[in-house]
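*Asks:* I'd like to ask some things about the structure below.
The values are calculated or read from the model by the stated rules, or taken from the named source; none is laboratory data. Bear in mind the structure is a predicted one, so any value in this text is a computation, not a measurement. Neighbour counts run over all protein chains shown; Cβ positions are idealised from the backbone, glycine included. SASA here: full protein model, heavy atoms, side chains in, ligands and nucleic acids out. Shrake-Rupley method; radii C 1.70, N 1.55, O 1.52, S 1.80 Å.
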Amino acid sequence: MKIFFFTCCLLVLCFSSFAQYIATLHNEDGYLKNADGSLIQKVTMLLEEGSTSIPEKNCEIVLKARNGKVYKKVNGRIDLKTGGLIFAANEQELMFALPIEKIIFDSCDAAVAGAVFKTGYPSTDKNNDKSLYQVLSEGKATLLKHHTLNWQDIIPFNTTNTTRIYTQVQQYYLYFTGKMFKLEKNKDKLVQLLPASNDYIIKNKLNLKKEEDAIKLVDYYNSLSF
């Protein structure tokens, strides 16, 4: 009898505590709370569209770290979200931890076949000396291309799910006389920065809006002896 009475009391206490716990799950706005009183965040899903790396899939690369160590036949790609390098190892994808000096791609992807990416340039805009730039022409003047991401978040009506659409964006720079010069899309600033270049542009009918023509101009300037 005593055991039965004790069991009933225990059940009443448990039910009372559980009812009190349920009553405190909601605040005046109707949001769920954790046991410590903090609000439980609504569950949302972030769906991603668009390429966020260069190239889209892993390629074989030669990697040189700033400590001088060279890693050959690394299978990886540049992650534009972090600006770092993702590489495959033991069926896992990892982020390269050491500061990077140079990355050279093989021919596994036509868009980056033989492409060279380097760090160590002066800080400009949101970039610093650890930012990777694709080297298009190197010499007295160095033409660089920096890859980054823009994105737009779309939330469909009557849902908490978000779709983030990524777009890759390229910005050109000229590293010249120890300084970084930002180039607009037409790259006309190259004419102002590089002496004796205007005649070459006219003679060869270069359109500096085209990357390949801008490379020709900087290659020509680097071939001159002063």
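*Asks:* Could we say that Leu183 is open to solvent by less than 90 Å² (accessible area, probe 1.4 Å), within 22 Å of Lys118 (Cα to Cα), touching a residue at least 60 places away in the same chain (Cβ under 8 Å) and within 25 Å of the chain's Cα centre (by Cα) here?
*Replies:* No: the conditions fail for Leu183.
*Asks:* At positive phi and surrounded by 13 or more Cβ atoms within 10 Å (Cβ to Cβ): does that describe Gly83?
*Replies:* Yes.
*Asks:* Also, I was wondering about something else. Here is a list: Ile154, Ile215, Ile165. Which entry is surrounded by fewer than 17 Cβ atoms within 10 Å (Cβ to Cβ), free of Cβ contacts under 8 Å to residues at least 60 places away in the same chain and hydrophobic (A, V, I, L, M, F, W, C)?
*Replies:* Ile154
*Asks:* Taking only segment 117-152 into account, find how many residues are touching a strand residue (DSSP E or B) at 6+ places or on another chain (Cβ under 9 Å), on the phi < 0 side of the Ramachandran plot and not in a strand (DSSP E or B).
*Replies:* 10
*Asks:* Which ones in segment 103-119 are more than 17 Å from the chain's Cα centre (by Cα) and crowded, with 16+ Cβ neighbours inside 10 Å?
*Replies:* Of everything in segment 103-119, those that are more than 17 Å from the chain's Cα centre (by Cα) and crowded, with 16+ Cβ neighbours inside 10 Å turn out to be Ile104, Phe105, Asp109, Ala115.
*Asks:* Among the residues in segment 104-116, are any more than 18 Å from Leu80 (Cα to Cα), in contact (Cβ under 8 Å) with a residue 12 or more places away in the chain and either assigned to a strand (DSSP E or B) or in contact with a Ser or Thr (Cβ under 8 Å, 6 or more places away or on another chain) (or both)?
*Replies:* no
*Asks:* Can we say Thr160 is out of contact with any strand residue (DSSP E or B) (no Cβ under 7 Å at 6 or more places or on another chain), touching a residue at least 12 places away in the same chain (Cβ under 8 Å) and either open to solvent by 70 Å² or more (accessible area, probe 1.4 Å) or farther than 20 Å from Asp219 by Cα (or both)?
*Replies:* yes
Yes or no, residue by residue, for (1) among the β-branched types (Val, Ile, Thr); (2) part of a strand (DSSP E or B); (3) under 25 Å from Ser131 (Cα atoms); (4) modelled with pLDDT under 85:
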residue: Glu48; (1), (2), (3), (4): no, yes, yes, no
residue: Ile54; (1), (2), (3), (4): yes, yes, yes, no
residue: Lys57; (1), (2), (3), (4): no, yes, yes, no
residue: Gly68; (1), (2), (3), (4): no, no, yes, no
residue: Val74; (1), (2), (3), (4): yes, yes, yes, no
residue: Phe87; (1), (2), (3), (4): no, yes, yes, no
residue: Leu94; (1), (2), (3), (4): no, yes, yes, no
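*Asks:* Conditions first: (1) closer than 17 Å to Lys81 by Cα; (2) not in a strand (DSSP E or B). Thr159 passes all but one, so which condition is the exception?
*Replies:* The failed condition is (1).
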